[in-house]
Amino acid sequence: MKSDVNATGTDLAEAHALTAAAVLGTLGVDAAAGLTSAEAHARLIRFGPNLLRTHPPANALIVFLKQFNSPVVYLLLAAAGFTLVLGQYTECAAIAAVLAINAAIGFVTELRAVRSMEALRSLATRSVLVRRNGTAAMLPADELVPGDMVIIEAGDVVAADLRIVQAANLACDESALTGESLPLAKAPDAVAADAVLAERRSMLFKGTAITRGTAEAVVVGTGMATELGRITRLVEESEPERSPLEKQLGRLSRHLIWLTLVLAAGICAAGIVTGKDITLMIESSVALAVAAIPEGLPIVATLALARGMLRMARHNALVEQLSAVQTLGATTVIMTDKTGTLTENRMHVDRLVTQAGELMFDREQGAFLLDGRPAGTGDDGALRHLLRNAALCCNATFDAASGESTGDPMEVALLEAAATGGMVRAHLLATLPEIAEHAFDAETRMMATVHRDGDGCLFAVKGAPEALFQAVGEVETAAGPLPFDAREEALWAARCDVLAGQGLRLLAVAGKRAEAPDAPPYEGLTLFGLVGLHDPPRADVASAIADAKRAGIEVVMVTGDHAATAQNIARTIGVAAAGDGAIGGRELKVLDEMSDAERQAVLAARIFSRVSPQQKLDLITLHQQAGDVVAMTGDGVNDAPALKKADIGIAMGQRGTQVAREAADMVLRDDAFPTIVEAIREGRIIYTNIRRFTTYLLSCNLSEILSVGLAVLAGLPLPLLPLQILFLNLVTDVFPALALGTIEADRAVLSRPPRPPSEPILARPQWVAIIVFGCVITAVTLSAMIIATEVLKLDSDAATSMSFFTLALAQLWHVFDMRNWREGFFINQITRNAYVWLALALCLLILAVATLEPNIAEALRIVPLGPRAWAIVLALSLVPVALRELAAVAIRLARR
């Protein structure tokens, strides 16, 4: 710990070496009541919020200066300097204006994206269960102060440095802080003052993760006064890693820069050889090189990604990494838990089974029913013990009078049923006080609480039936305990199969008496019965699964529930067909031991039950080796490795542990499966839009290169002058591309298979489109030049003006070529987008100003054109759009 002074002015640098009582006394807090709100507020003012030093909000000046840090800008600056040396002051001013406008557009769009990301991250505030004013409540983690009593359970990420006051079966993963690979056991006992960090068993440190057990602990350090804060001081802030998509775009831009420089140099040399003015050709080549590079591509891509992330947030999917948005669109397999994701996570007890028979639980009447008639619990000792132990063995709370509850929905359901049978947990604890707890463990799949009962102890145990049956020695009956032999176990297993086949989630409840609280909790138990809980499927999940399947995405249910329960739910919601079976965890071999046939069988399976965390990792690995992009849902501590292993880890925001949320790429604020499908849909839209505006930009730039290059090689006058090239680059590149980044998906976006994960941004179809469109636009531009000189007999300035306007308009109309070929010409996603029309209107206005404003027209060497020339310009500029529509019609007819 740091030598920081607590709220009472005492140094707690060695809190680990003090007793818990001494630490509480030093901090002036009663563990049972916690701080008062007034005292907590005073300490918050004194010590500040519980926050580490983070990246400050993006500085607007830095974002603006960043716009000048690129090879493209360096080319523009070189061109400006070159024209200045030659005395071409108008060209120099024009290049400077283009530079300023490009920087302004980049600044506005990037700053907007950065601010959007900052706002998005603020939605994912971490909360902590804290005891204040004698009651427990969830508070934002940044409001913790020294002296706060924090209630900890498995799955929590520790929000401050804490001194443990009491704990049950507690273990913590401190690998991020100490490098220890295994979770460390924790306990309230003081340790030596000189103990190293990894040996301070009485402490929990900010940023570490609770892997097992429960505890209550007092805050002794917050914010930068924690061990994590001390490390933060030593670490320099690093630049955030760019997403794979940003890296791909960066590589594409660099390759285009070198390719364009080579082409521009070749065109310059060819022009000089054919007798054109050397200065003009050098200026044209530099301007052409600048115009051919899509400098707005990274800006537009970042804005499109950030906008998509905000749309996902509005649909309850929080994504912080841009790379996750890209990967979502390529997802081919979703591995999903059942409870709360596919079901409502609103459990209620439906059935209670003891040796004497089976009772229904009617929540509306608040009664137990036998053959449809109310039945009491007084005659069945096993039922009373079942309800008692179910109420004792939990950490939830339930107020029967108000209906208010906190904690796990399954435990709340147990408390509700127990209260109906007269077993109110608060009343039970008054006579059977809890003295120890063995927290639920994913390996044992059981939980136990230990209670003082006279001179001995009562152990209350609940867990998965097949796991608990292994710890049972006898079963309670009306005639007394009977041995739980193989025949009895087979009978109870058959009951489990019947109930699970009806879609019920099952728990077995048992218990025992022992002399001491340290007796083994899972040995020699007496079975009292089974509890069948009903958790209905979400109303909208079946349609979402149908959407996923239509999109070529396989849905695999990976659950800890009984196989029959999983099968029932899977059939109901459409994950599996009626005849499909479930593969149980015991049937799954280790990945390295599977034969090819077994691997294929596992890949084809859609239901997995009772799987371990390691088996989840194997399932993900197997699908990834088969070429799938895997999205994995999870909510518990043991899901964290699988969430990290998956291509997209998806954590539950409502019932998920903090460990799971920290490990995930995306958090569902509503825990709903349809949100995953919506996020995948959004990922596909974003990727499609990035491809769309990249294809648009490169085809426009290619047409400029080809127009000048072919004119030089053919001995024609230049169809574009240097300033005209720069002007076109500004008009036709940025605004339409920004608009294309906002296109909504067509209705069939989820009716097409996912793109191959290894497919680059620009695959063969996109490159073909770029070349074809670039050539067609070039053809109409050069046609305008030839008609102007050979048919209309115009001078060089008028001919250049005709080719300039033909190319400008053709590039603007080229926006409509970016629609899906399946859609009609007049009604499609492009024509329905208001931003497209706004961008076109703005670009046309800029062209009109350039034509009508004498000073700009003179700088650009644009001259007025007659009606006949304008008619030819307009007709030629529409030719690429007409040819694209004819091609689309032909494709649609051929595919019918």
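Could you tell me whether any residue of the stretch 225-233 is touching a Pro at 6+ places or on another chain (Cβ under 7 Å) and modelled with pLDDT of 80 or more? Don't jump to the end; show me each part of the working.
Step one: filter the stretch 225-233 for residues touching a Pro at 6+ places or on another chain (Cβ under 7 Å), giving none.
No, that holds for no residue.
Return the only residue of LEU603, LEU617 being surrounded by fewer than 20 Cβ atoms within 10 Å (Cβ to Cβ), touching a residue at least 24 places away in the same chain (Cβ under 8 Å) and part of a helix (DSSP H, G or I).
Numbers: LEU603 fails: touching a residue at least 24 places away in the same chain (Cβ under 8 Å).
Unique residue meeting the criteria: LEU617.
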Which of the residues that make up the stretch 847-887 are of a type in the set (A, V, I, L, M), surrounded by 13 or more Cβ atoms within 10 Å (Cβ to Cβ) and closer than 30 Å to TYR89 by Cβ? LEU847, ALA850, ILE856, ALA857, ALA859, LEU860, ILE862, VAL863, LEU865
Filtering the stretch 108-128 for residues that are modelled with pLDDT of 60 or more, outside any helix (DSSP H, G or I) and surrounded by fewer than 17 Cβ atoms within 10 Å (Cβ to Cβ) leaves a count of 2
Just checking, does the stretch 456-471 include any residue being buried (at least 22 other Cβ atoms within 10 Å of the Cβ), β-branched (Val, Ile, Thr) and over 30 Å from ASN568 (Cα atoms)? no
Only one residue in ALA514, ALA519, ALA566, ALA548 is buried (at least 21 other Cβ atoms within 10 Å of the Cβ) and over 19 Å from ILE680 (Cα atoms). Which one? ALA566
Give the stretch 340-359 a look and list any residue that's open to solvent by 10 Å² or more (accessible area, probe 1.4 Å) and among the hydroxyl-bearing types (Ser, Thr, Tyr), or say none. none
Check LEU750, LEU726 and return the single one that is in contact (Cβ under 8 Å) with a residue 12 or more places away in the chain and either in contact with a Leu (Cβ under 9 Å, 6 or more places away or on another chain) or open to solvent by 50 Å² or more (accessible area, probe 1.4 Å) (or both). LEU726
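Of a type in the set (A, V, I, L, M, F, W, C) and within 24 Å of ASP518 (Cβ to Cβ): which single residue out of ALA478, ALA467 fits that description? First the steps, then the outcome.
Details: ALA478 fails: within 24 Å of ASP518 (Cβ to Cβ).
Unique residue meeting the criteria: ALA467.
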Against the condition open to solvent by 50 Å² or more (accessible area, probe 1.4 Å) and outside any loop (DSSP other than H, G, I, E, B), how does LEU844 come out, does it pass? yes
Expected output for the stretch 473-494 (first residue free of Cβ contacts under 8 Å to residues at least 60 places away in the same chain, partner among the charged types (D, E, K, R) and surrounded by 11 or more Cβ atoms within 10 Å (Cβ to Cβ), Cβ below 6 Å, 6+ apart or cross-chain) is PRO481/GLU474; PRO483/GLU474; PHE484/GLU474
Of the residues ARG669, ARG747, which is of a type in the set (Lys, Arg) and modelled with pLDDT under 80? ARG747
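Identify, from the list ALA745, ALA737, the residue that is part of a helix (DSSP H, G or I) and within 22 Å of THR831 (Cβ to Cβ). Give the derivation first.
Working: ALA745 fails: part of a helix (DSSP H, G or I).
Answer to the check: ALA737.
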All but one of (1) within 30 Å of ARG487 (Cβ to Cβ); (2) out of contact with any Gly (no Cβ under 7 Å at 6 or more places or on another chain); (3) assigned to a helix (DSSP H, G or I) hold for LEU369, so report the exception by its number. (3)
Taking the stretch 21-52 as the search range and keeping residues that are open to solvent by 50 Å² or more (accessible area, probe 1.4 Å), of a type in the set (A, V, I, L, M, F, W, C) and not in a helix (DSSP H, G or I), which one is nearest to THR222 (Cα to Cα)? LEU51
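Answer yes or no as to whether VAL708 is closer than 21 Å to ILE770 by Cβ, aliphatic (A, V, I, L, M) and open to solvent by less than 10 Å² (accessible area, probe 1.4 Å). Even if it seems obvious, please write down each step before you answer.
Working: closer than 21 Å to ILE770 by Cβ: yes; aliphatic (A, V, I, L, M): yes; open to solvent by less than 10 Å² (accessible area, probe 1.4 Å): yes.
In short, yes.
Among the listed residues ARG571, ARG610, which satisfies the condition of being under 31 Å from the mean Cα position of the chain (by Cα), within 25 Å of THR354 (Cβ to Cβ), open to solvent by 20 Å² or more (accessible area, probe 1.4 Å) and among the charged types (D, E, K, R)?
None of the other options fit; the residue is ARG610.
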All positions within the stretch 668-701 that are over 23 Å from ALA542 (Cα atoms) and among the hydroxyl-bearing types (Ser, Thr, Tyr): TYR687, THR688, THR694, THR695, TYR696, SER699
When the stretch 620-652 is examined, which residues are found to be in a helix (DSSP H, G or I), under 16 Å from GLU554 (Cα atoms) and of a type in the set (Val, Ile, Thr)? ILE620, THR621
Taking the stretch 432-466 and keeping only residues that are in contact with a strand residue (DSSP E or B) (Cβ under 6 Å, 6 or more places away or on another chain) and outside any strand (DSSP E or B), one is left with LEU432, PRO433, ARG445, PRO465
Name the residues in the stretch 378-400 that are part of a loop (DSSP other than H, G, I, E, B) and small (Gly, Ala, Ser), would you? GLY378, ALA396, ALA400
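May I ask you to say which residue of LEU415, LEU429 is part of a helix (DSSP H, G or I) and in contact with a strand residue (DSSP E or B) (Cβ under 6 Å, 6 or more places away or on another chain)?
On the way: LEU429 fails: in contact with a strand residue (DSSP E or B) (Cβ under 6 Å, 6 or more places away or on another chain).
It is LEU415.
Considering the stretch 325-339 alone, what residues qualify as being open to solvent by less than 10 Å² (accessible area, probe 1.4 Å) and modelled with pLDDT under 75?
From the stretch 325-339, those open to solvent by less than 10 Å² (accessible area, probe 1.4 Å) are 325, 328-331, 333-336, 338; that's our starting set.
Result: VAL325, single match.
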Output yes when any residue across the stretch 246-253 is modelled with pLDDT under 85, out of contact with any Leu (no Cβ under 9 Å at 6 or more places or on another chain) and hydroxyl-bearing (Ser, Thr, Tyr), and no when none is. no
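Could you go through the stretch 495-508 and let me know if any residue there is in contact with a Cys (Cβ under 8 Å, 6 or more places away or on another chain), farther than 28 Å from PHE673 by Cβ, open to solvent by 10 Å² or more (accessible area, probe 1.4 Å) and not aromatic (Phe, Trp, Tyr).
Of the stretch 495-508, the ones in contact with a Cys (Cβ under 8 Å, 6 or more places away or on another chain) are 506.
If we keep only those that are farther than 28 Å from PHE673 by Cβ too, we end up with none.
Looking for residues that are in contact with a Cys (Cβ under 8 Å, 6 or more places away or on another chain), farther than 28 Å from PHE673 by Cβ, open to solvent by 10 Å² or more (accessible area, probe 1.4 Å) and not aromatic (Phe, Trp, Tyr), one finds none in the stretch 495-508, hence no.
Could you grab me the full set of residues in the stretch 200-214 that are open to solvent by 10 Å² or more (accessible area, probe 1.4 Å) and assigned to a strand (DSSP E or B)?
In the first step, residues of the stretch 200-214 are kept if they are open to solvent by 10 Å² or more (accessible area, probe 1.4 Å); the result is 200-201, 206-207, 209, 211-212, 214.
Answer for the stretch 200-214, where residues must be open to solvent by 10 Å² or more (accessible area, probe 1.4 Å) and assigned to a strand (DSSP E or B): ALA209, THR211, ARG212, THR214.
Name the residue, out of ALA784, ALA737, ALA799, ALA745, that is touching a helix residue (DSSP H, G or I) at 6+ places or on another chain (Cβ under 8 Å) and either acidic (Asp, Glu) or open to solvent by 10 Å² or more (accessible area, probe 1.4 Å) (or both). Give the derivation first.
On the way: ALA784 fails: either acidic (Asp, Glu) or open to solvent by 10 Å² or more (accessible area, probe 1.4 Å) (or both); ALA737 fails: either acidic (Asp, Glu) or open to solvent by 10 Å² or more (accessible area, probe 1.4 Å) (or both); ALA799 fails: either acidic (Asp, Glu) or open to solvent by 10 Å² or more (accessible area, probe 1.4 Å) (or both).
After ruling out the rest, the residue left standing is ALA745.
The values are calculated or read from the model by the stated rules, or taken from the named source; none is laboratory data. Keep in mind that this is a model prediction, so the values were computed, not measured. No Cβ is skipped: glycine too gets one built from the backbone with ideal geometry, and neighbour counts run over all protein chains shown. Heavy atoms of the whole protein, side chains included, go into the accessibility calculation; ligands, DNA and RNA do not. Shrake-Rupley method; radii C 1.70, N 1.55, O 1.52, S 1.80 Å.
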